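Each remark here refers to the structure printed beneath this line.
The values are calculated or read from the model by the stated rules, or taken from the named source; none is laboratory data. Predicted model, so just to flag it, every value in this text is computed and none were measured. Cβ placement follows ideal geometry from the backbone for every residue including glycine, while neighbour counts extend to all protein chains displayed.
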Amino acid sequence: MKLDCKHVWEHISGYLDKQLDPELLAAVERHLENCEICSAVLDSTRNILILTADDRTYELPVGYSERLHEKLALAIAKAPDMGG
Amino acid sequence: MKAATVTNESALIGRVLAGETELFHELIRPYERLVYVTIFAILKNETEAEDAAQETMISAYRNLRSFRGEAKFSTWLVTIAMNEARKRLRKAKSAAENSLTEPTEDGDGDFTPAVLTDWREIPLEALERKELKDKLREAVAMLPEKYREVFVLRDIEELNQEETAAALGINVTLVKVRLHRARMMLQKLLVPYLKGQAPARTGFFRRWFQ
């Protein structure tokens with residue numbers, strides 16, 4: 001199987017999620033070995049996902065948890081029997 | 001470990017329903033972040049997101065009896081969170097329109113990533129940079145809603161495909177297609193801010209370097 005760049009781009013996500021079947025995976029890897037452009041697209045995408053999964057990218061507001069449990073306590077006090 | 005968590009969880013749910021309502025606090029504690037971030041990434045506003053997260057948890061409490069245990073509790077919570085976020089988004093819709101033009105979902109994936117050859121990795125220092133995180137959040141916020149939802153659940157919350165599909169009420173194939181589009185759109189939006197970075201070693205980050 002021989003892939004051109006455009007086809008490889010279609011499989012970037014599947015590649016990162018390890019979902020390509022073996023034949024396609026081999027073809028993508030062969031292409032990546034010889035293609036700077038596609039390697040860079042892959043690396044940039046992967047790096048974005050690393051940054052995304054970093055807990056510090058999305059931070060909770062200070063005091064969020066405390067306020068949440070206060071509100072919950074009120075709601076629980078109002079409906080203590082769960083309708084049962 | 002995971003099985004124990006699940007068992008504890010169903011036991012906890014049983015006890016809350018049986019009248020130990022205070023235990024609901026413990027039940028939701030592991031998911032506080034999940035619920036907030038899911039909603040924030042959709043609503044893009046801290047105050048609004050916090051309010052919606054509170055509503056979500058209260059609604060989960062009031063409707064706990066309708067949780068049947070077919071889905072995971074976390075998925076059930078995310079579904080409620082997503083609905084709450086969508087409801088609020090719809091209300092605010094008339095305000096600002098800042099979405100990208102939505103590409104069509106049929107066809108064979110006609111998109112082009114930003115092509116670049118002058119850098120390979122984001123150095124670790126760059127990952128620490130606050131501006132880059134800000135840019136990422138902005139870029140996520142710019143995604144059209146249906147792509148953003150999938151991206152949030154898969155790549156921010158790290159739900160699996162099946163959980164994401166269940167939470168959004170769509171099939172797994174659509175999850176894959178939308179996730180791919182979302183990632184490629186982000187790549188395109190973010191490349192200008194990553195350019196010019198020197199190569200660096202890759203690190204220790206969770207699932208991407210196994």
Expected single match for in contact with a Lys or Arg (Cβ under 7 Å, 6 or more places away or on another chain), surrounded by fewer than 18 Cβ atoms within 10 Å (Cβ to Cβ) and without any contact (Cβ under 8 Å) to a residue 24 or more places away in the chain among A:ALA73, A:ALA79 is A:ALA79
Next item on the list: Determine, yes or no, whether A:THR45 is outside any helix (DSSP H, G or I) and either at the interface with chain B (Cβ under 7 Å from one of its Cβ atoms) or small (Gly, Ala, Ser) (or both).
Entry: no
Going through region B:16-57 in order, the residues found to be more than 22 Å from B:ARG148 (Cα to Cα) and surrounded by fewer than 19 Cβ atoms within 10 Å (Cβ to Cβ) are B:LEU17, B:ALA18, B:GLY19, B:GLU20, B:GLU22, B:LEU23, B:HIS25, B:GLU26, B:ARG29, B:PRO30
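May I ask you to verify whether A:ALA73 is in contact with an Asp or Glu (Cβ under 9 Å, 6 or more places away or on another chain) and at the interface with another protein chain (Cβ under 7 Å from one of its Cβ atoms)?
Judged against the criteria, A:ALA73 is not a match.
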Counting only residues that are surrounded by 19 or more Cβ atoms within 10 Å (Cβ to Cβ) and under 30 Å from B:ALA52 (Cα atoms), region A:27-56 contains a total of 5
Quiz item: Is it true that some residue in region B:16-25 is out of contact with any Pro (no Cβ under 6 Å at 6 or more places or on another chain), in the same structural domain as B:ALA81 (by TED's automatic domain parsing) and closer than 30 Å to B:LYS91 by Cβ?
Solution: yes
Residue pairs qualifying under the 8 Å Cβ cut-off, at least six apart or on distinct chains, with the first in region B:10-22 being within 8 Å of chain A (Cβ to nearest Cβ) and in contact (Cβ under 8 Å) with a residue 24 or more places away in the chain and the second being part of a helix (DSSP H, G or I) and surrounded by fewer than 14 Cβ atoms within 10 Å (Cβ to Cβ), are B:LEU17/B:ARG65
Here the residues within region B:43-80 that are in a loop (DSSP other than H, G, I, E, B), of a type outside the set (D, E, K, R) and either within 14 Å of B:LEU27 (Cβ to Cβ) or modelled with pLDDT of 95 or more (or both) are B:ASN63, B:PHE67, B:GLY69
message: Residues that are part of a helix (DSSP H, G or I) and either under 29 Å from A:LEU3 (Cα atoms) or not basic (Lys, Arg) (or both): does region A:57-64 have at least one?
response: yes
In region B:126-183, anything in a loop (DSSP other than H, G, I, E, B), touching a residue at least 24 places away in the same chain (Cβ under 8 Å) and within 21 Å of A:GLU10 (Cβ to Cβ) is listed as B:LEU143, B:PRO144
In the set B:GLU32, B:GLU48, the lone residue that is under 15 Å from the mean Cα position of the chain (by Cα) and acidic (Asp, Glu) is B:GLU32
